[in-house]
Structure formats: C-alpha cells, structure tokens
C-alpha cells in the first residue's frame with residue numbers, strides 16, 4: 001500500500017483529504033504541523049508527502065529544507081497543497097514534484113498522487 005504523509009494545519013483539510021485518500025486505498029499518516037511531521041518521519045519514510053506551506057511553528061519551506069538535509073528523506077517527493085498565490089514558484093524553488101493551489105478538488109489530488117507514485121519503484125512494490 002502506498003504511504004502518504006499529509007501535513008496541514010487545517011483540521012478540516014486533514015480530515016477530508018485523509019478520509020478520501022484512505023477510501024482510495026492509500027495509507028495516510030497525518031500531521032498538523034512540520035514539527036510533528038518531522039517526528040513522524042523518524043519511522044518508515046512515506047512514498048509521498050502532501051504539504052501545506054503556511055503552518056505555525058515550522059513552515060512548509062523549512063520542513064522541506066529539513067527533509068532535504070536528511071539523506072533518508074531527501075528524495076521523498078513533495079506535493080504542495082497551498083492557497084498561496086506564489087505556490088508555483090515556491091514549488092520550483094523547493095524542487096517539489098508538483099503543486100495544487102487551494103481550493104482544489106479531491107479528484108485532482110488523487111490524480112496527481114497517482115501520477116507521482118506511478119513513477120516510484122518503492123511505491124509500486126507496496127501495491
């Protein structure tokens with residue numbers, strides 16, 4: 001099963017997306033901020049991280065920077081899900097695998113996840 005890490009400070013977003021993605025057959029781990037997400041990464045790294053940019057404590061940019069400095073997590077693809085107008089340029093600057101600007105449709109998220117995880121050998125092994 002493909003494992004996703006969903007990091008967003010909005011509880012409604014976490015609930016809606018995690019419910020929808022679990023219903024689509026994904027193993028979804030949720031975190032309300034970057035600090036908690038980094039703690040979760042100490043176990044088995046996910047196949048893909050879905051990340052909001054504007055969060056208290058540790059921003060999405062800082063979270064990605066911390067991940068990139070850690071070899072075990074450095075190559076885990078990141079899909080940015082943000083309401084920021086500059087999400088496209090931030091995605092390029094961070095080397096994100098993709099982005100969707102809020103508001104987005106759950107089907108768009110599913111489609112993007114599928115496209116990204118289809119390229120990952122580890123994710124294919126878990127299916």
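Here are the numbers:
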quantity	calculated
Average projected area [Cα convex hull, segment 22-89], square nanometres	5.1
Inter-label distance for residue 74 and residue 106, nm, one decimal - labels placed 7 Å from Cα along Cα-to-Cβ	3.7
36, 63 arranged by Cβ crowding within 10 Å, fewest neighbours leading	36, 63
Two-decimal log10 I(q)/I(0) for the chain, as the Debye equation yields it once each C-alpha is a single scatterer, q = 0.17, 0.21 Å⁻¹	-0.81, -1.33
Inter-centroid distance (Cα atoms) of segment 38-52 relative to segment 58-127, Å	11
Contact order normalised by residue count of segment 18-127, Cα under 8 Å, 6+ apart, percent	21
Neighbour-count order for 112, 55, 49, fewest beta carbons within 10 angstrom listed first	112, 55, 49
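Read the figures in this text as sums done on the coordinates, not as results from a lab. Computed from a predicted structure; not experimentally measured. Backbone-built Cβ (ideal geometry, glycine too); neighbour counts: all protein chains shown.
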